[in-house]
């Protein structure tokens, strides 16, 4: 399948159009982005909807000796979610799991410091909140974000992503009020980057620039 978006900014503009179609409130809602790539997508959404923008930090629990894959996720709100089926298949013991969780908590704290107090300044309680990332692969990162957000009693939760695998959509959709994803794919092979013509690793400096613009 060919790419659908020129870049993350273009994807955010498309998402904003889709959100308007389901009557998601604009100025009264809060956009929570998953850094780093999700922040660029979310900037375009927030600008278009004239909404507030903030960040929720989510880190995958890395499988030992495989830094590209995870068996769960941890958020800056403290929630941990495990892929129980994968944990069983990998035969991960409790000591290993706790070690990875502790290591990941340090990584989350480091990310919070890297954003210089600009992340986590908004209270989602009672607000229509939109979680944005640049795509869903397994969906477990987003599930952790949803669970953390649910504990804060928002008025509603919407997940908005430009691209996703159909299995991740099936995992996430029952947990939220709305799920918006213009490009849903199936099959054994899936990569978020394939939806974008121009794909790059978003640096912390770009995230800080975006957050600073919204804080002003």
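The values are calculated or read from the model by the stated rules, or taken from the named source; none is laboratory data. What you see is a predicted model; the values in this text were computed from it and never measured. Neighbour counts are summed over all protein chains in view; Cβ atoms, including those assigned to glycine, are modelled from backbone coordinates with ideal geometry.
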>> So in the range 56-81, with the set limited to residues that are farther than 25 Å from residue 113 by Cβ and surrounded by 18 or more Cβ atoms within 10 Å (Cβ to Cβ), which one is modelled with the highest pLDDT?
In response: 63
> Is it fair to say residue 96 is over 14 Å from the mean Cα position of the chain (by Cα), surrounded by fewer than 22 Cβ atoms within 10 Å (Cβ to Cβ) and without any contact (Cβ under 8 Å) to a residue 40 or more places away in the chain?
Replying inline: yes
> With (1) part of a loop (DSSP other than H, G, I, E, B); (2) surrounded by fewer than 16 Cβ atoms within 10 Å (Cβ to Cβ); (3) at pLDDT 95 or above as the list, and residue 174 as the residue in question, which single condition is left unmet?
Replying inline: (1)
>> Anything in the range 134-158 that is closer than 14 Å to residue 124 by Cα, touching a helix residue (DSSP H, G or I) at 6+ places or on another chain (Cβ under 9 Å) and not in a helix (DSSP H, G or I)? List them, or say none.
In response: 157, 158
> Is it true that residue 149 is within 25 Å of residue 213 (Cβ to Cβ), buried (at least 19 other Cβ atoms within 10 Å of the Cβ) and modelled with pLDDT under 95?
Replying inline: yes
> For the range 88-111, what are the residues that are closer than 19 Å to residue 203 by Cα and either in contact with a helix residue (DSSP H, G or I) (Cβ under 9 Å, 6 or more places away or on another chain) or in the same structural domain as residue 209 (by TED's automatic domain parsing) (or both)?
Replying inline: 111
>> Restricting to the range 192-216, name every residue that is outside any helix (DSSP H, G or I) and touching a strand residue (DSSP E or B) at 6+ places or on another chain (Cβ under 9 Å).
In response: 196, 197, 198
